[in-house]
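Notes follow the structure.
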Amino acid sequence: MSDVQDQQAEIDSDRRAERRLVWQALVAIVVVAVLVVLREWLTR
Amino acid sequence: MTIADVAGTILAVVLVALVAAGAVPALVALFHFLAIPFHAWRNHYGKARPMAPRVAIVIPAWNEGLVIGTTIDRLLQLDYPKDRLRICVVDDASTDDTPDVVRDRAARHPGVVVHMRREQGGEGKAHTLNHGIRMLLEDDWMEALLIMDADVIYRRDSLRKMTRHLADPEVGAVTGYVREGSATKNAVTRFIAFEYVLAQIASRRAQNVVGAVACLAGGAQLHTRENLEALGGAIDTTTLAEDTVTTFETQLRGRKVVFDPHAVVLAEEPPSLDALWRQRLRWGRGNVQLTIRSRRIWFRPSRIHGLGSLAFGLSWFSVFLLPAFMIGASIGLIGLYLLDSDLAAVAFRSLWVVVGCAYAFSMIFAAQLDAEIGRIAWREILLFPGIISLVVMVVAFYPGLDGWLLSQVGVEMTPTLRATLDLASYAWISMSMLAAWGVRQVDRTRARWLTVPLLYLVGFGPVLCAVTFAAYVAEARRLDRVWEKTEKTGRVAG
């Protein structure tokens, strides 16, 4: 990849890829929330 | 209320505070990880542009005959204009075939591969680098300098993905994701692979968001010529943490340091616990030296740099002082147990609920950041704190589980057994570091076949904490600052 436009497209693609972080964080939050709810339920 | 009552109350408050302080590193880590999603918006890609400055790559090499040929060959395959690339190997008086390998490549690629020979070597990596940097600064050809290690393998697009950030004139240096790349992975390298996910593509993204980067990876640091000249045209040689010192000095002079998680390079990491310990002890001692040297920076916000921010300071010290926090939590819990065992139990459960939630969030999040490492190292991700700590965490999270489990195997939870388990759990928080030191000792004996099972039992996290503690001790005893080379075999995948 040597064309300037292709490289700019690569920069844009890498920037868009960072949006995945939001979903990945949400997955982690949901799992932790399930663990906490399970704890509350089991220790009632 | 008698004086004894007042003294008892004060002591209880101090002990509770010690336990609560034990949760600080976990809370800071949680805050740090919660900052990562903001990298979706707060990143440097908006200011990045396609750019191909004339890059000199400097590779310090001492007896790197096994790896240097492959490293140069892979650099020659970089997707980067060849007339804008110069690969300079600074041969630190090697006694193996390093000079022959480099001269062979230099003959085949004249003007691109350069062999720089130091006849008197052995002073360490920073001195070797400085020899090369001095020579490169003698003419105007170099516009940017890439510092790397002899065993690091660059992907074709790695350099291009780093240079694009230099389009922003405020940037002084760029670093990439150094990924564990051993062709044959074992438990130690898998633990390291995941540790690098935590320390690099997780933590450095958060540092990009906060606006202060802790360290340019030694195997992938790209500097502008202006930055290098502002640093005095040389890398620091007074500490064992030359990479971190360079990172700090760059930012202290008002230049940005950028981490690009998509610029990936592969490195072979120590395959044994003993080799890892020696490498990390050097890093740890360097960090002790740097922490003391930077005493006028911490928690003093500046308009010039972000190193003095509260967020960066908390992040730095929560890792740097982790052994102290762990020892403090153990002392607090055992002291509380002697005062009031019920209060100790509540404090212990509260501590582990906070730590457990922060740990679970960090691990689940980080495991997704590099899906391949997540797949290869799932056991090491799960057992990062060790089986014992994991059991303690689960039991603290779900009180009564231990009693129920014991009843399933016909063991009754007597008061004596309860007290023994409680005290052992309280002590384990700090004793895990001693156990980790013990595992390293086992790795130096003929019983090293026990290292891996013991490592899973004790955990990799406690090993890192124990090395940090050993670094405090080594610096306090002013042991010789010897630069020790990590042995490499050249078996890197990819």
Within the stretch A:24-44, residues being surrounded by 12 or more Cβ atoms within 10 Å (Cβ to Cβ) and in a helix (DSSP H, G or I) number 14
Sort out which residues of the stretch B:113-129 are under 13 Å from B:I59 (Cβ atoms) and either out of contact with any helix residue (DSSP H, G or I) (no Cβ under 9 Å at 6 or more places or on another chain) or not charged (D, E, K, R) (or both), and write them in order of number.
-> B:V113, B:V114, B:H115, B:M116, B:T128, B:L129
Is at least one residue of the stretch B:227-242 in contact with a strand residue (DSSP E or B) (Cβ under 8 Å, 6 or more places away or on another chain) and among the hydroxyl-bearing types (S, T, Y)?
-> no
From B:A193, B:A150, residue being out of contact with any Gly (no Cβ under 8 Å at 6 or more places or on another chain), small (G, A, S) and either at pLDDT 95 or above or closer than 19 Å to A:E18 by Cβ (or both) = B:A193
So which residues in the stretch B:215-257 are farther than 25 Å from B:E123 by Cα and either hydroxyl-bearing (S, T, Y) or touching a Leu at 6+ places or on another chain (Cβ under 9 Å) (or both), if there are any at all?
-> B:T224, B:Q251, B:L252, B:R253, B:V257
Can you tell which of B:R446, B:R440 is surrounded by fewer than 16 Cβ atoms within 10 Å (Cβ to Cβ) and either part of a loop (DSSP other than H, G, I, E, B) or at pLDDT 95 or above (or both)?
-> B:R446
From the options B:K125, B:K185, residue that is in the same structural domain as B:V264 (by TED's automatic domain parsing), among the basic types (K, R) and touching a strand residue (DSSP E or B) at 6+ places or on another chain (Cβ under 6 Å) = B:K125
Matching residues in the stretch B:325-373 - criterion: being among the small types (G, A, S) and farther than 30 Å from B:K185 by Cβ | B:G328, B:A329, B:S330, B:G332, B:G335, B:S341, B:A344, B:A345, B:A347, B:S350
Search the stretch B:31-47 for residues that are closer than 30 Å to B:V355 by Cβ and more than 9 Å from chain A (Cβ to nearest Cβ) and pair each with any residue that is of a type in the set (S, T, Y) and part of a helix (DSSP H, G or I) when their beta-carbon atoms are under 6 Å apart and the residues are at least 6 apart or on different chains.
-> B:H32/B:S315
List every residue pair whose Cβ atoms lie under 6 Å apart, where the two residues are 6 or more positions apart in sequence or sit on different chains, the first residue falls within the stretch B:393-407 and is more than 10 Å from every other protein chain (Cβ to nearest Cβ) and in contact (Cβ under 8 Å) with a residue 12 or more places away in the chain, and the second residue, located anywhere, is of a type in the set (A, V, I, L, M) and in a helix (DSSP H, G or I).
-> B:V395/B:L401; B:D402/B:V395
For the stretch B:371-392, the count of residues that are touching a helix residue (DSSP H, G or I) at 6+ places or on another chain (Cβ under 9 Å) and within 11 Å of another protein chain (Cβ to nearest Cβ) equals 1
Inspect the stretch B:334-343 for any residue being modelled with pLDDT under 95 and within 14 Å of chain A (Cβ to nearest Cβ) and give the result as yes or no.
-> no
Which of the residues that make up the stretch A:1-23 are under 16 Å from B:Y80 (Cβ atoms), at the interface with chain B (Cβ under 8 Å from one of its Cβ atoms) and part of a helix (DSSP H, G or I)?
-> A:V4, A:Q7, A:E10, A:I11
State whether one or more residues within the stretch B:215-238 are of a type in the set (V, I, T), more than 14 Å from every other protein chain (Cβ to nearest Cβ) and within 22 Å of B:V319 (Cα to Cα).
-> no
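Let's see how each residue does on (1) at pLDDT 95 or above; (2) within 22 Å of B:E138 (Cα to Cα); (3) not charged (D, E, K, R):
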| position | (1), (2), (3) |
| --- | --- |
| B:E229 | yes, yes, no |
| B:L240 | no, no, yes |
| B:V257 | yes, no, yes |
| B:E268 | no, no, no |
Among the residues of the stretch B:162-175, is any crowded, with 24+ Cβ neighbours inside 10 Å and over 24 Å from A:D14 (Cβ atoms)?
-> no
Restricting to strands (runs of 3 or more DSSP E) lying wholly in the stretch B:71-189: which have 3 or more residues that are touching a residue at least 60 places away in the same chain (Cβ under 8 Å)?
-> B:144-147, B:171-180
Going through (1) within 14 Å of another protein chain (Cβ to nearest Cβ); (2) among the hydrophobic types (A, V, I, L, M, F, W, C); (3) farther than 30 Å from B:A212 by Cα one by one, B:L66 fails only at (1)
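The values are calculated or read from the model by the stated rules, or taken from the named source; none is laboratory data. Just so we're clear, the structure is a prediction, and the values are computed from it rather than from any experiment. Positions of Cβ are generated from backbone atoms using ideal geometry, with glycine treated the same way; all protein chains shown enter the neighbour counts.
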